[in-house]
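Right, one structure below, let's go through it.
The values are calculated or read from the model by the stated rules, or taken from the named source; none is laboratory data. All of these numbers come straight from a predicted model, not from anything done at the bench. Quick reminder, even Gly has a Cβ in these numbers, built from the backbone with ideal geometry, and neighbours come from all protein chains shown. These accessible areas exclude ligands, DNA and RNA; they are computed on the full protein's heavy atoms, side chains included. Shrake-Rupley method; radii C 1.70, N 1.55, O 1.52, S 1.80 Å.
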Amino acid sequence: LSVMPARRLAEEASGGTTDFGEYFTYFSFFIVASAVMLSVLFFRLGVEQRLRQVGILRSAGFTSGHIRRLLVAESLVTATAGSLLGAAGGIAYAALVIHALRTWWVGAVGTTLLAVHVRPASLLVGAAAGIIVSVVSVVLSLRAVARLSPRALLTAQGLDRSAGSPRPHRAPRAGIAFAAAGAAMLGGGFFSRQAQAGLFFGAGAALLVAAMLLWSWWLRGRDTRSLPPAGSWPMWRMGVRGAAFRPARSVLSATLIASAAFIIVSVDAFRKGAPADAGDVHSGTGGFALLGESEVPLLFSPNEETGWESLGLGSRPALAVGAQFTRFRLRRGDDTSCLNLYRPTNPTLIAPEPAFLERGRFAFAGSLAESDSERRNPWLLLQRSSSTTVPVIVDATSLQYVLHASLGDTMTIEDDGGRAIVLQFVATLADSVLQSELVMSEENFVRLFPAQQGYRFFLVDTPRAGPAAAGELAQVLEREMASYGLDVVSTTERLEAFHRVENTYLSTFQALGGLGLVLGTVGLGAIMFRNVIERRRELAMLRAIGFNAGRIGAMMMAETTLLLGAGLAAGAGAAVLAVAPAWLGRSGARPGAGLAILLLGVCAGGLLSALLATRAALSGNVLESLRAE
């Protein structure tokens, strides 16, 4: 008789295998940064639009403190309203994700018993952070305003340093330092799988910051070369130089686009597809076509004709001739794959026949091998003898994200009699169909679980290649062994089920990147409108001396294209470099058409905003703009 604390075990299991809130925090870091930068941009633009008013107030006797309190109070009203709307939007976004997991993506979680859980503390923290950012941005902008005289404020158009100002000498040195740090963390990704996620984000962030610093340094220089007197190319070059009109704004808008592109490209790189060659013995299927599990143990080998007869199955069917079963002993327990939402405390254990260990099937992500034979075939590690621990092999994904352990760590379970057994993870499989189980040697299994007789878990080699032949054989085996309760599935289907879960969660994370691209496009559009308004006199002068609307539009489009291109290139480039170690070492899916369409949509949105801004600027009265030039 075994007595278990059922309620305590249920509560521990309900904690889940992975806190996805943490992953949303990781993946939304760049989006939060983009939102902060966008808030700073809009509040700074709000202050710049009112420089003439501030100059009048200063001339009328208002002190800088009075003006600061006035604008901060206004920003508090706007930020409070925005934070309330943002909190409501956050709840709505969470509800949409949960609805998707209950309906469209239900295959990823296997249950519809999901509900939105809202904590007031989280809403308060988010709202307070938005308000603080707005106030800080206004205060910092007003510090630059305080350095200007009332006369300068009456004619000033912005607070940014324009092109031709002395370049900051620290920017290139800082950019090179960040690039070196990113390269160092990138190299660390080759040697540490457990720290790979942190190194990945660190390297990506460092490379992204380095790219933006170096680009900012380049923008603040003055290009003094003469332009040809005619043609379309000189207008595009003028547009490229126009990006330096307000360099801080240009860098900010490119950073918004780069942050979102980084998330989208990096997350997409970790998607998994079907194995290139399911018949490869070193693939995730191990070269096996079918995977089966029976309710009743098989005491005889179905590989032999006499075995079929001893199992009471009669003669072997024609389709099953040549099929080879690799048998595993099975002690059923908790599922350790991503298909299980609950925290496993008593994992399922399987033990193959000794001959399986000699074949060296499947690919390994890591091992504690010490000899050359163990390095060539890490399955031999299961034959190590120890008086304190039992060696087991587990899938690398399950070990890291479900069991939350590392190679060499131990896990304690109980045998059928309630005695403690210490398992040690001696090797990890790379993206295999054995994500749900822990594998130990048959010798240890028989010694520890003598009551578990026979074999109940099977990997099957088929005599004929192809999914159709495997499907026909699966039906035959289930029909012939119905009395044993045999359930057979294709190994590629099992692997795709695991991939479907991971890819679904990646889709939810990638949606954050899509939100970031919306922020970046909105920010770029705002910057283009503001720049065009401030340069209306310049554009009017160009119209007056003979430049038509088409050439001026080409100049503005060139400026927008430069900002979009710089942001997309920096974000996507940093993501590709950062994920290269993990990408090349796993079965990640290559970028698809969906990613290209999304990035092209961003380009189209940015160019449309530039076109609308240019048309708005050119639609005004040219003489009215020229009077102040």
Checklist line | Filter pass, residue 409 being of a type in the set (Asp, Glu), open to solvent by 30 Å² or more (accessible area, probe 1.4 Å), farther than 27 Å from residue 502 by Cα and without any contact (Cβ under 8 Å) to a residue 60 or more places away in the chain | finding: no
Note to self: Consider the range 441-479. How many of its residues are farther than 18 Å from residue 291 by Cβ and in contact (Cβ under 8 Å) with a residue 12 or more places away in the chain?
What the structure shows: 11
Check: When both residues are 6+ apart or on different chains and their Cβ atoms are under 6 Å apart, which pairs have a first residue that lies in the range 234-256 and is without any contact (Cβ under 8 Å) to a residue 40 or more places away in the chain, and a second that is outside any helix (DSSP H, G or I)?
Finding: 234/227; 234/228
Next item on the list: Pick out the one residue from 123, 85, 70, 113 that is under 30 Å from residue 499 (Cβ atoms), of a type in the set (A, V, I, L, M) and without any contact (Cβ under 8 Å) to a residue 40 or more places away in the chain.
Entry: 113
Next item on the list: Can you work out which of the residues in the range 287-333 that are acidic (Asp, Glu) and without any contact (Cβ under 8 Å) to a residue 24 or more places away in the chain is farthest from residue 461 (Cα to Cα)?
Entry: 309
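Filtering the range 446-477 down to residues that are within 28 Å of residue 416 (Cβ to Cβ) and touching a helix residue (DSSP H, G or I) at 6+ places or on another chain (Cβ under 8 Å), which residue is modelled with the lowest pLDDT?
Start the filter on the range 446-477 by keeping residues that are within 28 Å of residue 416 (Cβ to Cβ), which leaves 446-459.
Then drop every residue that is not touching a helix residue (DSSP H, G or I) at 6+ places or on another chain (Cβ under 8 Å), which leaves 452, 459.
Details: 452: 87, 459: 92.
Filtering the range 446-477 for residues that are within 28 Å of residue 416 (Cβ to Cβ) and touching a helix residue (DSSP H, G or I) at 6+ places or on another chain (Cβ under 8 Å), the one modelled with the lowest pLDDT comes out as 452.
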Margin query: Condition first: among the polar types (S, T, N, Q), part of a loop (DSSP other than H, G, I, E, B) and closer than 30 Å to residue 408 by Cα. Now tell me which residues in the range 430-483 satisfy that.
Written below: 432, 435, 436, 441, 452, 453
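Select from the range 37-61 the residues that are more than 44 Å from the chain's Cα centre (by Cα) and within 14 Å of residue 148 (Cα to Cα) and list them in ascending order.
Residues of the range 37-61 more than 44 Å from the chain's Cα centre (by Cα): 52-61.
Passing the criteria: 52, 53, 54, 55, 56, 57, 58, 59.
Of all the residues that make up the range 365-415, how many are among the hydroxyl-bearing types (Ser, Thr, Tyr), under 30 Å from residue 21 (Cα atoms) and over 32 Å from the mean Cα position of the chain (by Cα)? Explain how you work it out, then say what you get.
At the first step, the residues of the range 365-415 found to be among the hydroxyl-bearing types (Ser, Thr, Tyr) are 367, 371, 373, 385-389, 397-398, 401, 406, 410, 412.
Then keep just the ones that are under 30 Å from residue 21 (Cα atoms); that gives 397-398, 401, 406, 410, 412.
From what is left, the residues that are over 32 Å from the mean Cα position of the chain (by Cα) are 412.
The total comes to 1.
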Next item on the list: Could you tell me whether residue 521 is at pLDDT 80 or above and either farther than 30 Å from residue 296 by Cβ or among the β-branched types (Val, Ile, Thr) (or both)?
Entry: no
Next item on the list: Keeping to the range 435-482, report how many residues are among the β-branched types (Val, Ile, Thr) and more than 37 Å from the chain's Cα centre (by Cα).
Entry: 3
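Kindly check whether there is at least one residue in the range 550-557 that is among the β-branched types (Val, Ile, Thr), open to solvent by 10 Å² or more (accessible area, probe 1.4 Å) and assigned to a helix (DSSP H, G or I).
Here is the first cut: in the range 550-557, the residues among the β-branched types (Val, Ile, Thr) are 552.
Then keep just the ones that are open to solvent by 10 Å² or more (accessible area, probe 1.4 Å); that gives none.
So far as the range 550-557 goes, no, none of its residues is among the β-branched types (Val, Ile, Thr), open to solvent by 10 Å² or more (accessible area, probe 1.4 Å) and assigned to a helix (DSSP H, G or I).
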Item checked: Residue within the range 412-429 that is among the hydroxyl-bearing types (Ser, Thr, Tyr), in a loop (DSSP other than H, G, I, E, B) and either open to solvent by 70 Å² or more (accessible area, probe 1.4 Å) or within 18 Å of residue 338 (Cβ to Cβ) (or both) present -> no
Next item on the list: Could you tell me which residue of the range 77-106 is modelled with the lowest pLDDT, considering only residues that are of a type in the set (A, V, I, L, M, F, W, C) and open to solvent by 70 Å² or more (accessible area, probe 1.4 Å)?
Entry: 105
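Collect the residues in the range 361-378 that are without any contact (Cβ under 8 Å) to a residue 40 or more places away in the chain and surrounded by 16 or more Cβ atoms within 10 Å (Cβ to Cβ), keeping them in residue-number order. Talk me through it step by step, then tell me what you get.
Keep residues of the range 361-378 that are without any contact (Cβ under 8 Å) to a residue 40 or more places away in the chain, which gives 370-377.
Residues satisfying the conditions are 374, 377.
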Note to self: Please count how many residues of the range 484-496 are open to solvent by less than 20 Å² (accessible area, probe 1.4 Å) and either touching a Ser or Thr at 6+ places or on another chain (Cβ under 9 Å) or part of a helix (DSSP H, G or I) (or both).
What the structure shows: 3
Item checked: Filtered residues of the range 511-536 (kept if open to solvent by 10 Å² or more (accessible area, probe 1.4 Å) and over 20 Å from residue 557 (Cβ atoms)) -> 511, 512, 514, 515, 518, 519
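Kindly evaluate residue 43 against the criterion of being modelled with pLDDT under 85, in contact with a Leu (Cβ under 6 Å, 6 or more places away or on another chain) and either of a type outside the set (Val, Ile, Thr) or open to solvent by less than 40 Å² (accessible area, probe 1.4 Å) (or both). Steps first, please.
Values: modelled with pLDDT under 85: yes; in contact with a Leu (Cβ under 6 Å, 6 or more places away or on another chain): no; either of a type outside the set (Val, Ile, Thr) or open to solvent by less than 40 Å² (accessible area, probe 1.4 Å) (or both): yes.
Spelling it out, it is not the case that residue 43 is modelled with pLDDT under 85, in contact with a Leu (Cβ under 6 Å, 6 or more places away or on another chain) and either of a type outside the set (Val, Ile, Thr) or open to solvent by less than 40 Å² (accessible area, probe 1.4 Å) (or both).
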